[in-house]
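Written below as structure tokens is the structure these notes are about.
Rule-based calculations on the coordinates, nothing more; no lab input. Keep in mind it's a predicted model, so treat the numbers as computed, not measured. Methodologically, a virtual Cβ is constructed for each residue, glycine included, from the backbone with ideal geometry; neighbour enumeration extends over all protein chains shown.
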Amino acid sequence: MNKSEFRHNAQAALIGLLAGSFGGLVGLGGGVIMIPLLVRVFRLSQVRAHGTSLAAVVVTGVAGAATYARFGSADLLGALLLAATAMVTAHFGARFAHELPEWKLKRAFGAFLLFTAVLLLARPYLNALAVSGAGTPIGTSAAGIAVLLATGIFTGFLSGMMGVGGGSIMVPAMVVFLGVGQHLAQGTSLLAMVPTGTVGAWTHFRLGNVAAPILPGLLAGIFLGSALGAWVAHLLPDVALRAVFAAVQTWLGVRYLRTPAPFGESGGAKAA
């Protein structure tokens with residue numbers, strides 16, 4: 001291994017460590033940290049950064065969910081129900097990234113993230129909005145199953161499209177509409193990321209959107225970071241985790257809402 005390869009592997013490992021720690025802490029795949037760094041450090045195109053990130057998200061889910069499961073904070077049935085529909089739509093989301101402009105969808109998603117941040121903070125006052133059967137084990141009521149399957153549809157598409165794990169949708173849905181604790185929701189979302197991310201990543205790989213040379217270093221860092229983040233998360237109470245997650249949601253929402261429109265596509269008059 002020459003100096004250049006060593007430097008690239010070290011940079012990839014550091015990016016993976018940061019992204020994995022963040023993802024394990026708040027129940028996300030870490031793609032929102034990984035993608036900007038991959039673009040900046042390795043000069044990847046946006047779509048290649050998305051594909052590479054999604055490939056790495058699979059490892060985040062495995063390592064993070066395993067740690068959450070040790071604390072009894074991962075529900076297998078709930079994860080399977082989420083993944084059942086997400087695996088189907090993840091393929092279409094990955095392909096859609098090649099066919100349509102991303103900026104309109106990113107802005108709409110940003111508004112949704114801000115909305116879910118408010119819901120998380122207001123959770124103690126929103127019991128009236130919970131579906132019938134909220135508070136029971138995940139996926140044991142008809143309404144709960146419907147919520148999980150519907151959530152998976154949107155999660156899979158946006159996971160494939162944006163190159164993220166989908167925890168930003170899965171966690172609020174379980175917390176607000178099913179009355180699931182924050183720790184259990186985060187662990188379950190990480191577990192559901194594994195099959196969902198695999199489908200999306202494979203589609204991106206077939207389209208040439210995965211930077212394979214940097215994956216070993218990236219995955220090594222993510223594996224360590226996601227386990228560390230998940231362990232730290234169990235040292236914090238539910239209310240603190242909700243506050244952290246809401247802050248992350250707000251930051252993400254603003255970031256997506258500020259996505260610039262290409263010149264001439266913002267709805268205004270085009271230059272002559």
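A few remarks follow.
- Only alpha carbons enter this Debye calculation for the chain, each as an equal point scatterer, and the log10 of I(q)/I(0) it gives at q = 0.10, 0.12 Å⁻¹ is -0.47, -0.67.
- At least 24 Å along the helix axis (C-alpha) and Kyte average at least -1.0, DSSP helices within the chain: 3-26, 46-70, 76-99, 103-121, 142-162, 182-206, 215-233, 238-257
- Per-residue Cβ neighbour rank within 10 angstrom, fewest leading, 242, 206: 206, 242
- Lys/Arg +1, Asp/Glu -1 at C-beta; the chain dipole; positive extreme among 64, 256, 198: 256
- Cβ crowding within 10 Å, taken as a proxy for footprinting-reagent exposure, orders 8, 50, 183, 98 from fewest neighbours to most as 98, 8, 183, 50.
- Straightening the chain between residue 46 and residue 115 buys 22.3 nm, computed as 0.36 nm per residue apart minus the Cα-Cα spacing.
- Neighbour-count order for 106, 3, fewest beta carbons within 10 angstrom listed first: 3, 106
- Exposed-site-free run, longest, the chain (rule: chymotrypsin sites (Phe, Trp or Tyr not before Pro); DSSP loop; at most 15 other C-beta within 10 Å): 72-262
- Sequence-distant residues sharing a close amide H with residue 165 (under 5 Å, placed H): 29, 30, 31
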